[in-house]
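Let me give you the structure first, and then I'll get to my questions.
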Amino acid sequence: MIEMKNVSKWYGATQVLNDCSLNIEKGEVVVVCGPSGSGKSTLIKTINALEPVQKGEIYVDGVAVHDKATNLPKLRSRVGMVFQHFELFPHLTVTDNLTIAQMKVLGRGQDEAKQRGLKMLERVGLTAHKDKFPGQLSGGQQQRVAIARALSMDPIVMLFDEPTSALDPEMVGEVLDVMVGLAAEGMTMMVVTHEMGFARKVSNRVIFMDVGGHILEDTSKDEFFGNIEARQPRTREFLNKILPH
Amino acid sequence: MPALDFSFYTWANISTYLLSGLYFSVSLTIAATIGGIALGTVIALMRLSGIKPLEYAALWYVNLLRSIPLVMVILWFFLLMPSAFYNLFPGDIGQKYRAEICALITFIIFEAAFFSEIVRAGIQSLPRGQTFAGQALGMTYAQNMRYIVLPQAMRNMLPVFLTQTIVLFQDTSLVYAIGAYDILKGFEIMGNTFGRRVETYIMAAVVYFIISFALSMLVKRLNEKIRILR
């Protein structure tokens, strides 16, 4: 579903992605972790070309993302993305947030868009808030609406860029629950997160990135957490710091 | 110095000399604000388009007009625009309202330079993530601007727009240079007619003050409201 071949990216003279390659099959849930500055967020944003790359190839469902001739809006409309800071549209109600792209991008009628949007809103348990503005919701609620907004577009894959990092600790659970449900339904997901509990529970694979944009590990969840001795020293150091003792 | 005498401000005199002038000043302000924001938005979008020729054209437009006194722009336009231009308007409207048409067009052109900088600041002050979010949902550049970026930029900039409109209202008095009949002109004629120039200029100042001050209060309230919305 997602294929990345030898991708490199620079900001000026600073290299932020260094020869990254990965492959995500349909229905797989892949967690990307690593210290800050390792390029995780940049990596996930290259998949729908929010961040362009200078070298390498990226394919999503066979479409060449790196190709200048690719119709990026069309590709992006099929790739759901959830951001660290939610990025709901503050000037629109929850319902309008859910429907605007369905109508303007997919060309759905208002009734159809609304029906689909409200169904997704129900799924994340926030139907009662449909007429509110994002500013009236808690962080956790906003992030759940953001997930519903992405799902309303019927994406073939979902990208999560640190979806719980900006949340108060007690709101992390409600967002992770929604994500666990999605994974159980077979959604293809790539998740940048430090939530190792989530990685352990639902991921198939874990990718570990280190400073400078290197992919240091790309291995099955069981191997990653079960065979820590076989990990790179840098990975062990990182896990020692963030896993509960 | 003779005592001040305001007794000639009867309703009949006010409606004869002042109301049409006030009407023109206010309509010019409103029309120039709307036209200036529309043209200013286009210029701001050109400036941010990333297309070099458009960027430079917009940059020069803004820099040029911000460096020339408004009264000169008005005069130049009035003196240089050939008579044929005014014949483009239906009937004798063009020739009859030459000064007024000239005033409206120059104000829109001039104010667009200022409004475009406000729009640009409004767009650039939005978090980058909002653009990302629109893009990630598959919106094109134009859709993102139209539905996500501009509505927010405009809303956030509303108080600044109004502040600029207050300046604009005061600047409308500059149309005296080409003899258009605005509120100040009305006061001037009234003063000459009754031989009471001091009183008329005092009253003119009072009228400008009341309107501008009322608008300033409105800006203050809007600012508080927008702070809550954010």
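Can you give me the number of residues within region A:165-196 that are of a type outside the set (S, T, N, Q) and not in a helix (DSSP H, G or I)?
Within region A:165-196, the first condition is being of a type outside the set (S, T, N, Q), and the residues that meet it are A:166-187, A:189-192, A:194-196.
Applying the additional criterion that residues be not in a helix (DSSP H, G or I) yields A:166-168, A:185-187, A:189-192, A:194-195.
Within region A:165-196, residues that are of a type outside the set (S, T, N, Q) and not in a helix (DSSP H, G or I) number 12.
Under the condition of being over 23 Å from the mean Cα position of the chain (by Cα) and assigned to a helix (DSSP H, G or I), which residue from region B:75-95 is surrounded by the most Cβ atoms within 10 Å (Cβ to Cβ)? First the steps, then the outcome.
Step one: of region B:75-95, the residues over 23 Å from the mean Cα position of the chain (by Cα) are B:82-84, B:87-88, B:90-92, B:95.
Those left that are additionally assigned to a helix (DSSP H, G or I): B:83-84, B:95.
Values: B:Ser83: 9, B:Ala84: 8, B:Gln95: 12.
The qualifying residue surrounded by the most Cβ atoms within 10 Å (Cβ to Cβ) is B:Gln95.
Please identify the pairs in which a residue from region A:226-243 that is under 20 Å from A:Gly197 (Cβ atoms) has its Cβ atom under 9 Å from the Cβ atom of a residue that is loosely packed, with under 12 Cβ neighbours inside 10 Å, counting only partners at least 6 apart or on another chain.
The qualifying pairs are A:Ile228/A:Asn240; A:Arg236/A:Glu229.
Another question, if that's okay. Go through the residues of region A:134-144 one by one and say whether even a single one is assigned to a helix (DSSP H, G or I), closer than 30 Å to A:Tyr59 by Cα and out of contact with any strand residue (DSSP E or B) (no Cβ under 6 Å at 6 or more places or on another chain).
So in region A:134-144, the residues assigned to a helix (DSSP H, G or I) come out as A:134-136, A:139-144.
Then drop every residue that is not closer than 30 Å to A:Tyr59 by Cα, which leaves A:143-144.
Those still in the list that are out of contact with any strand residue (DSSP E or B) (no Cβ under 6 Å at 6 or more places or on another chain) too: A:143-144.
Yes, that holds for at least one residue.
Note down all Cβ pairs under 7 Å where the first residue falls in region A:64-83 and is more than 8 Å from chain B (Cβ to nearest Cβ), the second is outside any loop (DSSP other than H, G, I, E, B) and hydroxyl-bearing (Ser, Thr, Tyr), and they're at least six residues apart or on different chains.
What qualifies is A:Val65/A:Tyr59.
Additional query: Being of a type in the set (Gly, Ala, Ser), more than 7 Å from chain A (Cβ to nearest Cβ) and part of a helix (DSSP H, G or I) is the filter here; which residues of region B:116-149 pass it?
From region B:116-149, those of a type in the set (Gly, Ala, Ser) are B:116, B:121-122, B:125, B:129, B:133-134, B:136, B:138, B:142; that's our starting set.
Adding the requirement that they be more than 7 Å from chain A (Cβ to nearest Cβ) leaves B:116, B:121-122, B:125, B:134, B:142.
If the condition is that a residue be of a type in the set (Gly, Ala, Ser), more than 7 Å from chain A (Cβ to nearest Cβ) and part of a helix (DSSP H, G or I), then B:Ser116, B:Ala121, B:Gly122, B:Gly134, B:Ala142 are the ones that fit.
Out of A:Gln110, A:Gln15, A:Gln54, A:Gln102, report the one residue that is without any contact (Cβ under 8 Å) to a residue 24 or more places away in the chain and either away from chain B (no Cβ under 11 Å) or surrounded by 23 or more Cβ atoms within 10 Å (Cβ to Cβ) (or both).
On the way: A:Gln15 fails: without any contact (Cβ under 8 Å) to a residue 24 or more places away in the chain; A:Gln54 fails: without any contact (Cβ under 8 Å) to a residue 24 or more places away in the chain; A:Gln102 fails: without any contact (Cβ under 8 Å) to a residue 24 or more places away in the chain.
Going through A:Gln110, A:Gln15, A:Gln54, A:Gln102 in turn, the sole match is A:Gln110.
If you scan region B:184-201, which residues turn out to be exposed (fewer than 15 other Cβ atoms within 10 Å of the Cβ) and part of a helix (DSSP H, G or I)? Reasoning before the result, please.
Restricting attention to region B:184-201, the residues satisfying the condition of being exposed (fewer than 15 other Cβ atoms within 10 Å of the Cβ) are B:192-193, B:195, B:197-198, B:201.
The answer is B:Asn192, B:Thr193, B:Arg197, B:Val198, B:Tyr201.
Any idea how many residues of region B:127-144 are touching a residue at least 12 places away in the same chain (Cβ under 8 Å) and either surrounded by fewer than 20 Cβ atoms within 10 Å (Cβ to Cβ) or of a type in the set (S, T, N, Q) (or both)?
Here is the first cut: in region B:127-144, the residues touching a residue at least 12 places away in the same chain (Cβ under 8 Å) are B:130-131, B:133-134, B:144.
From the residues that got through so far, the ones that are either surrounded by fewer than 20 Cβ atoms within 10 Å (Cβ to Cβ) or of a type in the set (S, T, N, Q) (or both) too are B:130-131, B:144.
Adding up the residues that qualify gives 3.
Looking at B:Leu158, B:Leu174, which is the one that is away from chain A (no Cβ under 13 Å) and either of a type in the set (S, T, N, Q) or touching a residue at least 60 places away in the same chain (Cβ under 8 Å) (or both)?
Values: B:Leu158 fails: away from chain A (no Cβ under 13 Å).
Among B:Leu158, B:Leu174, only B:Leu174 is away from chain A (no Cβ under 13 Å) and either of a type in the set (S, T, N, Q) or touching a residue at least 60 places away in the same chain (Cβ under 8 Å) (or both).
Name the helices (runs of 4 or more DSSP H) wholly within region B:1-74 that hold at least 3 residues that are touching a residue at least 60 places away in the same chain (Cβ under 8 Å) and of a type in the set (Ser, Thr, Tyr)?
On the way: elements: B:11-17, B:19-47, B:52-66.
Per the criteria, B:19-47.
Here is a check on your reading of the model: is A:Asn18 in a strand (DSSP E or B) and over 29 Å from A:Ala166 (Cα atoms)? Before the answer, list the steps.
Numbers: in a strand (DSSP E or B): yes; over 29 Å from A:Ala166 (Cα atoms): no.
In short, no.
Filter region A:113-161 down to residues that are of a type in the set (Lys, Arg) and within 13 Å of A:Phe86 (Cβ to Cβ) and give me whichever is nearest to the other protein chains (Cβ to nearest Cβ).
Of the residues in region A:113-161, the ones of a type in the set (Lys, Arg) are A:114, A:116, A:119, A:123, A:130, A:132, A:144, A:149.
Going one step further and asking which of them are within 13 Å of A:Phe86 (Cβ to Cβ), we end up with A:144, A:149.
Details: A:Arg144: 15, A:Arg149: 7 Å.
Among those residues, the one meeting the criterion is A:Arg149.
Report, by residue number, each residue of region A:108-133 that is farther than 18 Å from A:His91 by Cβ and part of a loop (DSSP other than H, G, I, E, B).
A:Arg108, A:Gly109, A:Val124, A:Gly125, A:Leu126
Each reported figure results from applying straightforward, stated rules to the coordinates on display, with no laboratory input. Worth saying up front: this structure is predicted, and the values here are computed from it rather than measured. Ideal geometry is used to build each Cβ from the backbone, glycine not excepted, and the neighbour counts take in all protein chains shown.
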